[in-house]
Amino acid sequence: EPGEVVTAYFQALKNGDTETVKNLITGKLYDKRIDLLEKNAGYSVFLKKFYQGVSVRVVNTVKETEEAYVDVEIESQDGSQNPMTLTLKKDGDANWKISDEIENP
């Protein structure tokens, strides 16, 4: 389900698990992150530090036939909140993958 994919994605980011991140993204987001994921040897360490102490909560999910939108609230260690909407699409095997992320004002 889309919410489970989003939860797995943020867990992979927290763990610095770039292989899992690559498997959970597609489209525009994949194109935007592929160089970091494949060519930046220190990206895994950066992700672990960046997401340390960060909590992510799925707020709402809207699922359509081929697309889904998952609203999340990301809370940093300092208590600041960053709402975001992730767009998911089904891949060729009918698995949900994150294709875009939009920060909400």
(message) To check my understanding: the extent here is largest minus smallest coordinate of the Cα atoms along each principal axis. What are those three numbers for the stretch 1-58, in Å, largest first?
(response) 30, 27, 14
(request) Would you please report the Å³ per residue occupied by the convex hull of the alpha carbon atoms in the chain? (result) 94
(request) Taking 7 Å along the Cα-to-C-beta vector as the label spot, tell me the residue 40-residue 85 distance in nanometres, rounded to one decimal. (result) 2.6
(message) Taking the Cα centre as origin and putting +1 on Lys and Arg beta-carbons and -1 on Asp and Glu beta-carbons, what dipole magnitude results for the stretch 49-105, to the nearest 20 debye?
(response) 160
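What is the sum of charges around residue 63, taking Lys and Arg as +1, Asp and Glu as -1, for the other residues whose C-beta is under 15 Å from the C-beta of residue 63? Don't skip to the answer; put the middle values down first.
Numbers: positive: 89, 90, 97; negative: 1, 4, 64, 66, 67, 71.
Residues near residue 63 contribute -3 overall.
With the other protein chains left in place, how much accessible area per residue, in square angstrom, belongs to the chain at a 1.4 angstrom probe? The partial results should precede the final answer.
Details: 6260 Å² over 105 residues.
Normalised by residue count, the accessible surface of the chain is 60 Å².
Quick one: order 20, 87 from most to least accessible surface, probe 1.4 Å. Don't skip to the answer; put the middle values down first.
Working: 20 50, 87 15 Å².
Descending order: 20, 87.
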(request) Give 28/89; 28/63; 22/89; 14/89 a once-over and call out the pairs whose C-alpha atoms are over 21 Å from each other. (result) 14/89
(request) Sort out for me the Cα centre separation of the stretch 57-105 from the stretch 1-20, rounded to whole Å. (result) 11
(request) Give the carbon-plus-sulfur fraction of the accessible surface of the chain in %, rounded to a whole number; probe 1.4 Å, heavy atoms of protein chains only. (result) 46
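Where nothing but the Cβ of Lys and Arg (+1) and of Asp and Glu (-1) is charged, how large is the charge dipole of the chain around its Cα centre, in debye to the nearest 20? Mind showing how you got there, number by number?
On the way: 13 positive and 19 negative charges, 69 e Å.
Rounded to the nearest 20 debye, it is 340 debye.
The values are calculated or read from the model by the stated rules, or taken from the named source; none is laboratory data. Everything quoted here is computed from the prediction, not taken from an experiment. Note that we place each Cβ from the backbone using ideal geometry, even for glycine, and neighbour counts take in every protein chain shown. Accessible surface is based on the protein model in full, side chains and every heavy atom, while ligands, DNA and RNA are left aside. Shrake-Rupley method; radii C 1.70, N 1.55, O 1.52, S 1.80 Å.
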